[in-house]
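As structure tokens, the structure follows; a few thoughts come after it.
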């Protein structure tokens with residue numbers, strides 16, 4: 001497992017060691033012992049999720065103001081552009097974002113710690129997205145910041161308007177959003 005910090009050092013790109021030959025490939029998508037050794041984090045995942053989306057679907061920017069979730073995310077079919085936004089008011093990178101292309105081909109994963117908003121846009125015809133979370137989904141604490149907020153200014157790699165859920169289309173502006181201390 002190779003760990004690369006992003007411009008926001010708490011957000012990590014995780015590259016597994018892939019064993020492949022003409023028959024296919026194998027890799028450990030997660031190994032707690034190796035994770036702890038590589039990151040120093042004592043992460044425990046309590047929920048795994050799987051979503052499928054089509055081209056230009058944009059999901060996010062989601063977070064839970066209580067029961068904050070750390071997320072280890074990856075793509076097993078297709079490609080997405082994945083984004084983490086620092087929502088920790090006490091952080092030097094508050095309001096900043098980082099992004100990474102995740103695909104079935106590159107097998108990269110993205111670690112988004114507690115205290116961050118998360119979103120992604122599908123770059124391929126279809127994408128299947130897997131993520132493990134450090135706390136349970138709690139809809140009563142879920143929040144959404146609008147994907148195109150000008151204060152955050154995410155450089156989404158879009159060629160046309162994204163396809164949004166009603167909830168994502170009604171996200172709040174960053175300046176009005178609930179954030180973490």
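Coordinate-derived values only; no laboratory data. Model, not experiment: these values are computed from the prediction. Neighbour counts are summed over all protein chains in view; Cβ atoms, including those assigned to glycine, are modelled from backbone coordinates with ideal geometry.
Key figures for this structure:
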{"item": "Lone qualifier among 57, 44, 98 - being under 30 Å from residue 140 (Cβ atoms), surrounded by fewer than 21 Cβ atoms within 10 Å (Cβ to Cβ) and within 15 Å of the chain's Cα centre (by Cα)", "result": "57"}
{"item": "Given (1) without any contact (Cβ under 8 Å) to a residue 60 or more places away in the chain; (2) closer than 17 Å to residue 178 by Cα, index of the condition residue 90 fails", "result": "(1)"}
{"item": "Residues being in contact with a helix residue (DSSP H, G or I) (Cβ under 7 Å, 6 or more places away or on another chain), surrounded by 15 or more Cβ atoms within 10 Å (Cβ to Cβ) and not in a strand (DSSP E or B) - total across the stretch 60-76", "result": "2"}
{"item": "Residue match in the stretch 90-107 (condition: in a loop (DSSP other than H, G, I, E, B) and under 17 Å from residue 64 (Cβ atoms))", "result": "no"}
{"item": "Subset of the stretch 116-149 [assigned to a strand (DSSP E or B), touching a helix residue (DSSP H, G or I) at 6+ places or on another chain (Cβ under 9 Å) and surrounded by fewer than 21 Cβ atoms within 10 Å (Cβ to Cβ)]", "result": "142, 144"}
{"item": "Matching residues, the stretch 150-177, being surrounded by 13 or more Cβ atoms within 10 Å (Cβ to Cβ) and in contact with a helix residue (DSSP H, G or I) (Cβ under 9 Å, 6 or more places away or on another chain)", "result": "152, 162"}
